[in-house]
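Worksheet: one structure, shown below.
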Amino acid sequence: MNITIISILSGIGGMFGWGVYDFLGGVFAKQIGSHRSLFWSQLSGFLSIFLLAFLVQIDAHLSARMLLLGIIAAILYAGGYLFFFKGFELGNVSIIAATMNLWAVFTMLIAFLFMGQRLSTLQTFGVVLILCGATLTSLNWNALRNQEFTVSGGVKETVIGAFLFGVYWNVSEIISEQVGWLWTTLIIKLGIMFFLALFSWISRRTIGLGEVSVKTKSILLLMGIAEVGAVASVNYGLTIGEAILITPIASALSVVTISLAMVFLREKIATVQGMGILLAVAGIVITAF
């Protein structure tokens, strides 16, 4: 299969996986707090990918360099999510979600400057459409009109999180090309769980689920499976394709999140958000040429 098509399909896989993850998180995770929802959904994802690795039984020769890069990638990924969730706590949700789209910009910039990756003129135009569309879709235009938020709240933390994600995906690409997408995902997920457990212990955060309903626990399980599916899809793409094309497509996850909210929560969207969805879809189609 054509490398460009593989890159696009893996990016779409990431877009849908993270879109579902954010949708479920927005609906259910508020019941138990952002940190607990992050910890248990990540644990669910780790167990899922561990079970897959056990069943497939793929051998991998992991060098000390790859293990070190895996640890670095895990810290970057977990740190990115912690700053992202902190931004949600401090700022307007729609502004934070839109700002987080910068992770694709950081990824592309690093891939361009340090990895030697390039896009064609038409693909560059498509990527611009995706990023603009994702940003327009993420914003709550009613809140903007009514000035119900403080722009500065949580934005600094979110930009830091976006930068960490941007660095992470370039490191993940290096690992994926050496040991494959499955082991890359497993190693990084293991590191994330260790990092989150250590952070919970140091900050004395409560992570127990004793009082949580079975329904919410089931949703956390589904969140973890959707999120690890997104990570695995993008990692698979990175073994063959290039981050400079995959990540902007995956960053259009807000299109999926908003669409799910429209279907299942009967939420109405502003005209500008509808235009954003169309722009993002058009951009994804254009990147194939």
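The values are calculated or read from the model by the stated rules, or taken from the named source; none is laboratory data. Treat the numbers as computed from the prediction; the structure is a model and nothing was measured. In this analysis, Cβ positions are derived from the backbone assuming ideal geometry, glycine residues included, and neighbour counts consider all displayed protein chains. Calculation scope for accessible area: heavy atoms of the full protein, side chains included, ligands and nucleic acids excluded. Shrake-Rupley method; radii C 1.70, N 1.55, O 1.52, S 1.80 Å.
What the table below lists for this structure:
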{"read-out": "Accessible carbon and sulfur surface of the chain relative to its total accessible area, %, 1.4 Å", "value": "70 percent"}
{"read-out": "Under the span-like rule (Cα at least 30 Å along the axis, Kyte-Doolittle mean at least 1.6), DSSP H helices of the chain", "value": "181-203"}
{"read-out": "Projected-area average for the chain over all orientations - Cα convex hull basis, square nanometres", "value": "15.5 nm²"}
{"read-out": "Proximal charge balance of E242 [Cβ under 15 Å; K/R count +1, D/E count -1]", "value": "-1"}
{"read-out": "Gain in span if fully extended, H61 to F264, counting 0.36 nm per residue against the direct Cα distance", "value": "68.6 nm"}
{"read-out": "Overall dimensions of the stretch 184-273 as given by Cα atoms, namely Rg and Dmax in Å", "value": "17.2, 46"}
{"read-out": "Cβ-derived FRET efficiency at R0 45 Å, I202 paired with V281, nearest 0.05", "value": "0.55"}
{"read-out": "Across K156/K215; K156/K217; K86/K268, pairs whose alpha-carbon gap is larger than 29 Å", "value": "K156/K215; K156/K217"}
{"read-out": "Distance in nm between pseudo-label sites at S120 and Q31 (7 Å out along the Cβ direction from Cα)", "value": "4.8 nm"}
{"read-out": "Listed residues L67, L260 arranged by accessible area, highest first, probe 1.4 Å", "value": "L67, L260"}
{"read-out": "Excluding exposed DSSP-loop trypsin sites (Lys or Arg not before Pro) (at most 11 other C-beta within 10 Å), longest clean stretch of the chain", "value": "1-203"}
{"read-out": "Calculated [θ] (222 nm, deg cm²/dmol) that DSSP helices of n ≥ 4 give over the chain, each run adding -39,500 (n - 2.57)", "value": "-27000 deg cm²/dmol"}
